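Written out below as structure tokens is the structure these notes cover.
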Amino acid sequence: MIGILRSTILALALFAVVGSVLAAEASGQAKLREITKRMDDHNRSLSTLRAKVTMVKRNAQLGNAETTVGTAIYAKRPGKDALVRIDWQRPDESLAVVDGRYYMYRPRTNMVLTGSIKDVGKAKPGDQPKGTSALAFMNMSRAQLDANYTVALENESATLSNGVQTFHLRLTPKTQASYKDAELWVDVNGMPVQTKINEHNNDSTTVLLSDLQKNVSLTTSNFKIDWPKGTKVQKS
């Protein structure tokens, strides 16, 4: 169950993080400044989002890949953390982030895993099962992100598997991290539509957003995961 947290947070990072990553690194680099402006403008105009999510986890040693698809919704809240929910198919799993807590429901095990994002973010990587520290992305400030990454423009015109044209960026942590680096693909409107985390052992996880529906009508109830009576709730 812990494993899905990291993979799902990759998609959450698309919503909650990427719009501010480039501010410091873009200084003095015209193309990155242009991309940053598009991302900032897009962030200001985006209030809600509904999208299809495709996640591909590649095992470098075995040479195979596992693909999972699902749907995601996102909503900004002035003065509060954004609301996010992702529902995966095969395996059937749901994760929501609401009011500083995450809730991950796995029907086939009749269990919900819940915890505070702040607590996860404060914990040291060695204090938790591998991957849960990825939730720290949701708590990082703009200054922390700018301080933590070196950003490079890999390709000014990269075409994704669904035909979308993007800017391809690479983020390298400035200090030791649980992964080697991250890659981002930003469309011409400034929307981050794909992210890839490259592990030290060369495994990778790629998350693609497609079929974007922006500024749609969503309510708080859309982010509440309903589980049946008798489901075990485990707090971490």
Any residue that is within 19 Å of residue 46 (Cα to Cα), open to solvent by 20 Å² or more (accessible area, probe 1.4 Å), assigned to a loop (DSSP other than H, G, I, E, B) and aliphatic (A, V, I, L, M) - is there at least one of those in region 204-213?
no
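Kindly provide the set of residues from region 1-58 that are among the hydroxyl-bearing types (Ser, Thr, Tyr), modelled with pLDDT under 50 and surrounded by 17 or more Cβ atoms within 10 Å (Cβ to Cβ), ordered by number.
Residues of region 1-58 that are among the hydroxyl-bearing types (Ser, Thr, Tyr), as a first pass: 7-8, 20, 27, 36, 45, 47-48, 54.
From what's left, modelled with pLDDT under 50: 20, 27.
Result: 20, single match.
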Complete set of residues in region 64-79 that are polar (S, T, N, Q), more than 15 Å from residue 96 (Cβ to Cβ) and open to solvent by 50 Å² or more (accessible area, probe 1.4 Å):
64, 67
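Restricting region 153-203 to residues that are of a type in the set (Ser, Thr, Tyr) and at pLDDT below 90, which is nearest to residue 87 (Cα to Cα)? Before you say what the answer is, go through the steps one by one.
Going residue by residue through region 153-203, those that are of a type in the set (Ser, Thr, Tyr) are 157, 159, 161, 166, 172, 175, 178-179, 195.
Now narrow it down to the ones that are at pLDDT below 90: 172, 175, 178-179, 195.
On the way: 172: 29, 175: 33, 178: 26, 179: 25, 195: 18 Å.
So the residue we want is 195.
Would region 150-169 turn up any residue that is touching a residue at least 40 places away in the same chain (Cβ under 8 Å), in a helix (DSSP H, G or I), on the phi < 0 side of the Ramachandran plot and of a type in the set (Asp, Glu)?
no
The values are calculated or read from the model by the stated rules, or taken from the named source; none is laboratory data. Keep in mind the model is a prediction, meaning the values are calculated, not measured. Backbone-built Cβ (ideal geometry, glycine too); neighbour counts: all protein chains shown. Calculation scope for accessible area: heavy atoms of the full protein, side chains included, ligands and nucleic acids excluded. Shrake-Rupley method; radii C 1.70, N 1.55, O 1.52, S 1.80 Å.
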